[in-house]
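To keep things clear, I will list the structure first and then write my remarks on it.
The values are calculated or read from the model by the stated rules, or taken from the named source; none is laboratory data. Nothing here was measured: the structure is a model prediction, and the numbers come from that model. Neighbour counts are summed over all protein chains in view; Cβ atoms, including those assigned to glycine, are modelled from backbone coordinates with ideal geometry. With ligands, DNA and RNA removed, areas are computed over all heavy atoms of the protein, side chains included. Shrake-Rupley method; radii C 1.70, N 1.55, O 1.52, S 1.80 Å.
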Amino acid sequence: MSSRDLPSFLLMQNPIQDYDWGSHDALTALFGIPNPTGKPQAELWMGAHPNGCSEVTLAGRVQKLSVVIDAAPAAALGEATRARFGSLPFLFKVLCAEKALSIQVHPSKAQAEAGFAREEAAGIDPKASNRNYKDPNHKPELVFALTPYQAMNGFRAIPAILALFERIKLASIADLVAALATNQNESGLQHFFHQLLILTGARKEAALAALLAYATDHQDEETFALITSLAAQYPGDVGLFSPLLLNVVTLKPGQAMFLDACTPHAYVRGTGLEIMANSDNVLRAGLTPKYIDVAELLDCTRCQPKPDNQILLAPRCEGMTGNTVQHFDVPVPDFTFSVYPAGEHALTTASAEILFAIDGTVTLKQGGETLRLEKGQSAFVPAATGHYQLLAEGRVARAGNRCQDVPPAQVSITA
């Protein structure tokens, strides 16, 4: 297949993952997407991931997007992307959390490559519960809030962690708190985190009971209200300490966060757009009944505080006030993410793109070709499309990738 055989735009049919933490009505309320089975709809996937590949109609046949890309990789991806990544390097999602996701860390690229090779050599089944590495890729992520979106992202400053634990006075782990107070550095935080993860028996039960008693009496504070909410979802889980360890943030609609490799985080509740490198590697640290490999987790966790001014990702704005395009720059080449306002925009593909209609009808035009998207629909735009017109009645999210290395993103807190 050549660029001549690919249309400029392909309407996508996207799978929905029904994980138990998902929302029963968010996709319906925001985009009119039905939920005939009544199952929790957690994630709508847009991309070519083997665990949930979008479909498109080409030459009168419904085909997986991955098959279309593989048939004409240079035309679909662009030659530079094909040479560097070999496949679509990002996965784009709508994520709808009604319950909290597990606290998790994603490995760096080098860690993922080494871990995947090690588990492959050991013959561990890819679907085994104790499998850490599903692929040899890293999984940096960006989330853009569509509704108020509560999450945890990176360690708090060590003095702030100590202040919370000393305030609660958990007698059964007082020695651990004292050790952290003596060693307020990366090594001390790693030791403290490790010891909390491996708490068992009466010591763990006493610490959690005291934590919940204190939290119940301080429901006017976000951190403690979150702890009691998590306790109802994951009773007896060591992850209930996580709001004391990690920065708790609620994104306003339109705000975004970047989550880099080796950073502990968790999504708590809300609906947002999420884009990530095309990977399924997750190392869990709590709020889950699933397998936790503490040693591997610690090897892949950067036990350094995340400053307040690096939690939210401020957009780089382009255009006039009231008609501003927002580019959310990230320090990885695997994906790019921008939000376009209502209006007419002249665009040029530099790589394969996915466009998602956030809150209005979208019309795409190139030469004699036209595709109309309703709110909640998406289109795959091959790299060979080149110049095209975007006419939007509401906001449109645009996902793509870079092929060259990029400098670290400039991040700052936003109002």
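When the convex hull of the Cα atoms of the range 256-315 is projected onto a plane and the area is averaged over all directions, what value comes out in nm²? Numbers along the way, then the final one.
Working: hull surface 21.5 nm².
Across all orientations, the range 256-315 yields a mean hull projection of 5.4 nm².
Round to the nearest 10 and give me the degree value, 0 to 90, for the angle of helix 158-168's Cα axis relative to the longest principal axis of the chain.
With rounding to tens, the tilt is 50 degrees.
So what are the ³J(HN,Hα) numbers for the range 262-279, from phi and the Karplus equation (6.51, -1.76, 1.60; θ = phi - 60°), rounded to whole Hz, Gly and Pro as x?
3J(HN,Hα) across the range 262-279, in whole Hz: 6, 10, x, 7, 7, 8, 9, 7, x, 10, x, 8, 10, 10, 8, 4, 6, 8.
Provide the gained length on full extension for the span Thr324 to His387, in nm with one decimal, where the gain is 0.36 nm per separating residue minus the Cα-Cα distance.
So the extension gain works out to 20.7 nm.
So for the pair Asp299, Lys252, with labels modelled 7 Å out along Cα→Cβ, what separation do we get in nm?
Roughly 4.4 nm, to one decimal.
Take the solvent-accessible surface of the protein heavy atoms, probe 1.4 Å, and return the percent of it on the chain that carbon and sulfur atoms account for. It would help to have the intermediate numbers written out before the result.
Values: 8810 of 17080 Å².
After summing per-atom areas, the C and S share lands at 52 percent.
For Tyr291, Tyr340, give the ranking by accessible area with the largest first, probe 1.4 Å.
Values: Tyr291 95, Tyr340 15 Å².
These residues rank, largest area first, as Tyr291, Tyr340.
Determine ³J(HN,Hα), in whole Hz, for all residues of the range 12-28 in sequence, where each value follows from phi through the Karplus function 6.51 cos²θ - 1.76 cosθ + 1.60 and θ = phi - 60°; x replaces Gly and Pro.
Once rounded to whole Hz, the list reads 9, 10, 10, x, 10, 8, 9, 5, 5, 8, x, 8, 8, 9, 5, 5, 5.
So what's Rg/Rh here for the range 261-415, counting alpha carbon atoms and using the Kirkwood radius for Rh?
Values: Rg = 18.3 Å, Rh = 17.9 Å.
So for the range 261-415, dividing Rg by the Kirkwood Rh gives 1.02.
What are the radius of gyration and Dmax of the range 294-349, computed over its Cα atoms and given in Å?
Radius of gyration, then largest Cα-Cα span, for the range 294-349: 17.2, 52 Å.
Hull surface divided by four, with the convex hull built on the Cα atoms of the chain: how many nm²?
21.0
Compute, for Glu205, the solvent-accessible surface of its heavy atoms (probe 1.4 Å) with the complete set of protein chains present, and express it in square angstrom to the nearest 10.
130
Kindly report the accessible area of the range 276-383 per residue (heavy atoms of protein chains, probe 1.4 Å, no ligands, DNA or RNA), in Å².
Working: 4290 Å² over 108 residues.
That works out to 40 Å² per residue.
Among 83-96, 41-54, how do they line up from the highest to the lowest mean number of other beta-carbon atoms within 10 Å?
Listed from highest to lowest mean packing, they are 83-96, 41-54.
Using 0.36 nm times the number of residues separating Asp70 and Ala342, minus their current alpha carbon distance, what extension gain do you get?
94.6 nm
Rounded to the nearest 500, what is the 222 nm mean residue ellipticity of the chain from helices alone, with -39500 (n - 2.57) per DSSP H run of 4+ residues and division by all residues?
-7500 deg cm²/dmol
Expressed as cubic angstrom per residue, what is the convex hull volume of the alpha carbon set of the range 12-134?
Convex hull volume per residue, Cα atoms: 158 Å³.
For a Förster distance of 35 Å, can you work out the FRET efficiency between the beta-carbons of Arg316 and Asp25, rounded to the nearest 0.05?
Values: r = 34 Å, r/R0 = 0.98.
Taking R0 as 35 Å, the efficiency between Arg316 and Asp25 is 0.55.
Roughly how big is the chain's charge dipole about its Cα centre, with Cβ charges of +1 (Lys, Arg) and -1 (Asp, Glu), in debye to the nearest 20?
Details: 32 positive and 41 negative charges, 48 e Å.
So the dipole magnitude of the chain works out to roughly 240 debye.
With every protein chain present, what is the per residue accessible area of the range 38-159 (1.4 Å probe, Å²)?
Working: 4580 Å² over 122 residues.
Averaged over the residues of the range 38-159, the accessible area is 38 Å².
Would you tally the net charge around Ala342, using a Cβ to Cβ cut-off of less than 13 Å, leaving Ala342 out, and scoring K and R as +1, D and E as -1?
Details: positive: Lys375, Arg395; negative: Glu344, Asp359, Glu393.
So the environment of Ala342 carries a net charge of -1.
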